[in-house]
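For reference, the structure is listed below as structure tokens.
Every number here is computed from the coordinates shown, using simple stated rules; none is lab data. This is a predicted model, so every value here is computed, not measured. Don't worry about glycine lacking a Cβ; one is built from the backbone with ideal geometry, like all the others, and counts go over all protein chains shown.
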Amino acid sequence: MPGVESDLHSIGELARASGLTVSALRFYDSAGVLAPALVDPVTGYRWYTDEQIAPARLVAGLRRVGMPVPEIAAAVRAEPAAVHRLLDTHLRRLSDGLADARREITRLRALVDPVPPATTTLLLSPAELAAAVDAVRFAVGADPELPVLSGVLLDVEPDGVRLVATDRHRLALARSGASVDGPPVRVLVGVDLVDRLRTLLDAADAGPVRLTVAGADLRVTVAGRTLAGTALPHDFPDYRRLLREAVGERPGAYRIPVDVAALRAALTDPAAPTVAREYGGEPLAVTVLGLDDRGGLRLLPAADIRAADLSAGLSPDPLAGPDPAGELRVGVNSGYLLDALDAAGASQLVLELDGPIAPLAVRRPDDADTFSVLMPIRL
């Protein structure tokens with residue numbers, strides 16, 4: 001073997017050439033990331049080729065920036081374009097982590113050296129605020145073990161407020177313009193206070209809504225009545241990060257216009273095709289969405305791929321043919337989809353589908369700030 005080994009590098013030589021330690025090279029061998037070209041069956045010594053120096057240096061660099069091992073393994077085997085995509089994804093992950101750390105440090109500084117909370121006052125249109133509440137209320141969580149999801153986040157911006165709600169299975173967003181006096185603020189409002197406010201917004205003589213946020217103290221004045229409450233003491237999930245991960249840039253996604261009345265009729269028809277699944281020990285009827293030959297939406301049964309053609313507002317047709325798109329199958333909780341259709345408050349919507357494991361987005365064509373996201377159900 002000496003003649004063979006003379007053309008190879010020992011593990012120590014590769015460690016010096018790549019910047020990885022000998023123990024790290026052993027780890028990446030056991031993890032299937034960077035296997036030696038040869039292992040001496042007698043001594044167990046690992047030997048590497050010249051061609052493995054560059055991949056080892058790549059591994060060392062990815063290790064230094066904290067890329068997860070599975071992604072390092074993928075990068076070593078990938079083409080340059082795919083490696084760049086992995087780097088872009090990891091860079092966004094690092095940016096998100098840094099933003100989270102900055103928010104946490106700001107919170108810790110406030111604990112160490114508390115200062116009187118700033119006051120932010122908003123003047124809002126009751127009709128616009130009511131529409132925003134209606135658009136997100138259905139997605140508020142009801143799990144007592146997840147109190148952080150039991151309210152509506154008010155994310156106050158310089159010219160309005162964004163409302164956000166999620167129960168982990170769905171996420172809803174809407175926005176109301178406002179005249180804002182004070183710094184931007186994020187506050188989680190309990191669903192009881194949200195519901196009481198929503199009732200007042202329907203008053204015939206309701207003038208502008210005045211919302212004041214001072215730390216955890218909330219005060220809302222509308223229609224001559226004042227509601228006071230305290231924000232929930234929980235850190236709401238970073239919904240912007242969730243959106244980037246769930247429905248960020250998806251150039252290959254299908255964007256399908258649907259007539260809400262037709263889709264609702266098809267979903268609620270007793271003959272609507274569904275697939276039986278189980279969730280939490282309970283039976284669940286899953287609606288399977290697919291495409292017709294015109295690029296419209298239809299409901300697909302999993303067994304024989306019969307379909308309901310919704311592009312012309314028709315009821316489910318048990319004699320319809322197979323799905324011509326072939327690969328597009330998106331399972332969804334039909335009750336959740338109906339909730340999202342009702343909450344959108346529009347007669348025409350756009351459904352954004354991007355494969356069987358990607359979230360489904362329900363969008364209003366005339367309002368980019370109001371939409372919901374539903375998690376798919378594996379078929």
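Measuring from centroid to centroid over Cα atoms, what is the spacing of region 66-100 and region 146-211 in Å?
Here the two parts' Cα centres lie 36 Å apart.
Under DSSP H, which helices of the chain have Cα atoms covering 24 Å or more of the helix axis and a Kyte-Doolittle average no less than -0.5? All intermediate terms of the calculation are to be shown ahead of the outcome.
Values: long enough: 80-112 (47 Å, -0.23).
Counting only whole DSSP H runs, the qualifying helices are 80-112.
Restricting to DSSP H runs of at least four residues, report the calculated mean residue ellipticity at 222 nm for the chain, -39500 (n - 2.57) per run over all residues, nearest 500 deg cm²/dmol.
-10000 deg cm²/dmol
Report the far tail of the P(r) of the chain, meaning the percent of Cα-Cα pairs longer than 26 Å. Working shown, then result.
Values: 46056 of 71631 pairs.
For the chain, the share of Cα pairs beyond 26 Å comes to 64 percent.
For a bin width of 10 Å, list the pair-distance distribution of region 27-171 built from all Cα-Cα distances, rounded to whole %.
9, 20, 21, 19, 15, 10, 4, 1, 0
First select every other residue whose beta carbon is under 14 angstrom from the beta carbon of T199; then total the charges, Lys and Arg +1, Asp and Glu -1.
On the way: positive: R137, R196, R198, R225; negative: D134, D192, D195, D202.
Around T199, the surrounding residues sum to 0.
Looking at the chain, which longest stretch skips every one of the GluC sites (Glu not before Pro) that is in a DSSP loop with at most 10 other Cβ atoms within 10 Å, leaving the sites themselves out?
Details: sites that count: E145, E249, E327.
My reading of the result: 1-144 is the longest stretch.
If I model a spin label at R219 and A81 as a point 7 Å from the Cα along the Cα→Cβ vector, what separation in nanometres do I get?
Between R219 and A81, the simple spin-label model gives 6.0 nm.
Short version: ³J(HN,Hα) in whole Hz for each residue of region 142-155, in order, from phi by Karplus 6.51 cos²θ - 1.76 cosθ + 1.60 (θ = phi - 60°), x for Gly and Pro, what are they?
Per-residue couplings from phi come out as 10, 7, x, 7, 10, x, 5, 9, 8, x, 10, 6, 9, 9 Hz.
Please give the length that would be gained between R107 and A228 if that part of the chain were fully extended, namely 0.36 nm times their separation in residues minus their C-alpha to C-alpha distance (nm, one decimal). Mind dumping the intermediate values first?
Values: separation 121, 0.36 × 121 = 43.56 nm, distance 2.44 nm.
Result for the pair: 41.1 nm of gain on full extension.
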